[in-house]
Amino acid sequence: MKDLKTVIAFTIKDMAKRKSFIISTCIILVLIVIGINIPNIMKAIIGDNVNAGETKILMVDSTNLFEGTLQSINQMELGYNVQVANNEVSFDDIKGRIENKDIDQAMIIEPKEDGTYKLRYIVENMTQVVSVPEDLINVLNTLYTNLQISKLGLTPEQMASLSPNFEFTIEQTEEQEVSGNLFVIMMLSIVLFYAIYFCAYQVSSSITTEKTSKIMETLVTSTSPRTIVLGKTIGIGIVGLIQICVIVGVALISAKVFLDPELLDAVLDMSMMTPYLGIMTIVYFILGYFAYALLYALTGSTVSKPEDIQSANTPVAILAVVGFYLSYFTMMNPTSELNQFAAIFPISSPFCMPFRIMMGIASTSEIILSIVVLVITILIITQVAIKIYSNAILNYGTKMTFKDIVKVYRDKNN
């Protein structure tokens, strides 16, 4: 136990003082703060003008067809800043105003001989707008219809009966009710994948680097290979968990400080975050990390040069990506059998099950089965990794092939 603590402490100290780890963490934190401040940065650049992001349109209604109702478009929050002209405006005048950036677009309402009206939509070039915007067409039709209806002298009750008063609800055919903010779920899934994958990857890199620097001989002579594997895995996991907590903490604090409260509440619905969910997320992070970290410990022990790490880790990286995408895409249909399988399958359950819990569709039996399968998988990987690691740890030759790994494992069992 003392040797295990020593290896853990050595690993934590070694990881924490690496320049690459410090610099990458700082860069991530800076990018998070900048990313969250993008709305404030854009506001500072374009100023506080509420119309800065709106399309400025000149509506030329020389016949007063809409009888002064066009200004009401500005109160509809459609993204248009409407200027109304009740006198005739020539095409050349509109062209000059568009070139001078006084307006972005224009619409001329012209009567035709047959009693109908032609609406000429004028833009700087056809690459900006290929057709008249649908929302603008709808609002003009609505304004004109309401104007004509108001002239019929209908009672308030008759006017009210012309407008539909429908109440819309959404129901599902699945008996199991699903809840939760899909955006939050997917963002947390990405964070969890990053935490598990990149922290586990460090185990392989650390083992190979220390083999190259001959530090391993010192460790091997003072403690057992089992202690080294478990100690390095736990130590890097602790550092990784702290790093993720810092990243998530900075992101939440920055969002709270810099984002508009209404926007924050709309995007990040934190009502689903419960202590139980937090505990289960940490449990699956630890189990998922151990599964992938031990696989990376195995691949790291089969190479003797840092430049071979990437190719040696490719199979594990493919497993991690397959597991993540199996979880990620089945979230679109969380009650499907494929999503239930992903929550049990050990390569995807660390990414999938926490979010089934968040959505309220994970039963207690599913959670227990998922954890049991994941723990059994970890124990099997641990046994194989330690046996291979014990024989391959002092290998300074070429990278071991899969056939070599199988041979070493069988010889070790004999």
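The values are calculated or read from the model by the stated rules, or taken from the named source; none is laboratory data. In this text, all values refer to a predicted model and were calculated from it rather than measured experimentally. Note: ideal-geometry Cβ built from the backbone for every residue, glycine included; neighbour counts use all protein chains shown. Accessible surface areas use protein heavy atoms only, side chains included; no ligands, DNA or RNA. Shrake-Rupley method; radii C 1.70, N 1.55, O 1.52, S 1.80 Å.
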Would you call Thr25 more than 27 Å from Asn100 (Cβ to Cβ), surrounded by 14 or more Cβ atoms within 10 Å (Cβ to Cβ) and either at pLDDT below 80 or among the β-branched types (Val, Ile, Thr) (or both)? yes
Run down Tyr296, Tyr276 and say which single residue is under 19 Å from Ile378 (Cβ atoms) and assigned to a helix (DSSP H, G or I). Tyr296
For Ile318, work out the one condition from (1) surrounded by fewer than 17 Cβ atoms within 10 Å (Cβ to Cβ); (2) modelled with pLDDT under 85; (3) within 19 Å of Phe198 (Cβ to Cβ) it doesn't fulfil. (2)
Test Val82 against the criterion of being under 27 Å from the mean Cα position of the chain (by Cα) and either assigned to a strand (DSSP E or B) or modelled with pLDDT of 90 or more (or both), and give yes or no. no
Which listed residue, of Leu152, Leu192, Leu143, Leu147, is modelled with pLDDT of 75 or more, open to solvent by less than 40 Å² (accessible area, probe 1.4 Å) and out of contact with any helix residue (DSSP H, G or I) (no Cβ under 8 Å at 6 or more places or on another chain): Leu147
In the range 331-351, the residues that are under 17 Å from Val191 (Cα atoms) and free of Cβ contacts under 8 Å to residues at least 60 places away in the same chain: Ile347, Ser348
Given the structure, is Val250 open to solvent by less than 50 Å² (accessible area, probe 1.4 Å), closer than 21 Å to Phe10 by Cβ and either at pLDDT 75 or above or part of a helix (DSSP H, G or I) (or both)? no
For the subset of the range 95-140 comprising residues that are assigned to a loop (DSSP other than H, G, I, E, B) and touching a helix residue (DSSP H, G or I) at 6+ places or on another chain (Cβ under 6 Å), which member is modelled with the highest pLDDT? Ile103
Scan Asn37, Asn81, Asn100, Asn64 and give me the residue that is exposed (fewer than 15 other Cβ atoms within 10 Å of the Cβ) and either within 22 Å of Ser131 (Cβ to Cβ) or in contact (Cβ under 8 Å) with a residue 12 or more places away in the chain (or both). Asn64
Any helices (runs of 4 or more DSSP H) falling wholly within the range 322-414 and containing at least 1 residues that are surrounded by fewer than 17 Cβ atoms within 10 Å (Cβ to Cβ) and at pLDDT below 90: 337-344, 364-392, 402-413
Among Asp48, Asp3, Asp14, Asp92, which is acidic (Asp, Glu), at pLDDT 80 or above and open to solvent by 60 Å² or more (accessible area, probe 1.4 Å)? Asp92
Take the range 253-279 and flag every residue that is open to solvent by 80 Å² or more (accessible area, probe 1.4 Å), modelled with pLDDT of 75 or more and either under 19 Å from the mean Cα position of the chain (by Cα) or of a type in the set (Val, Ile, Thr) (or both). Ile253, Lys256, Val257, Ile279
Within the range 199-233, can you find the residues that are part of a helix (DSSP H, G or I), open to solvent by less than 40 Å² (accessible area, probe 1.4 Å), over 20 Å from Val316 (Cβ atoms) and modelled with pLDDT under 80? Met216, Leu219
Here are Gln71, Gln75: which of them is under 25 Å from Ser163 (Cβ atoms), in contact with a strand residue (DSSP E or B) (Cβ under 9 Å, 6 or more places away or on another chain) and open to solvent by 70 Å² or more (accessible area, probe 1.4 Å)? Gln71
